[in-house]
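Some notes on the structure that comes next.
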Amino acid sequence: MSDALKMARDALSGYLLVLEDLDDSLTPTTPPGKITVPKNSLLIPIEVDTTLAREREENILLKKR
């Protein structure tokens, strides 16, 4: 579960950074009260700070040069 959450955060941060780079916007969000979760399933919020993600990405790119 820990690895899956880390991969979800990485995927979401990458997606959000690409949206920023393309000056694109997110689709409208669903209000939490309208989200339905099937029985025996989990709904886990994933929080991403795009400022930190961008700094991390730029740091990795600098190290590779």
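Values as computed for the structure displayed
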item	result
Residue, farthest from the chain's Cα centre (by Cα), within the range 25-65, restricted to residues that are acidic (Asp, Glu) and surrounded by 10 or more Cβ atoms within 10 Å (Cβ to Cβ)	58
Condition met for residue 12 (part of a loop (DSSP other than H, G, I, E, B) and hydrophobic (A, V, I, L, M, F, W, C))	no
Residue list for the range 1-24, filter: open to solvent by 100 Å² or more (accessible area, probe 1.4 Å) and in contact (Cβ under 8 Å) with a residue 12 or more places away in the chain	9
All positions within the range 17-43 that are closer than 20 Å to residue 5 by Cα and touching a helix residue (DSSP H, G or I) at 6+ places or on another chain (Cβ under 7 Å)	17
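The values are calculated or read from the model by the stated rules, or taken from the named source; none is laboratory data. On a predicted model such as this, the values are computed, not experimentally measured, just so you know. Cβ atoms come from the backbone with ideal geometry, glycine included; neighbour counts cover every protein chain shown. Note: areas computed on protein heavy atoms with side chains; ligands, DNA, RNA excluded. Shrake-Rupley method; radii C 1.70, N 1.55, O 1.52, S 1.80 Å.
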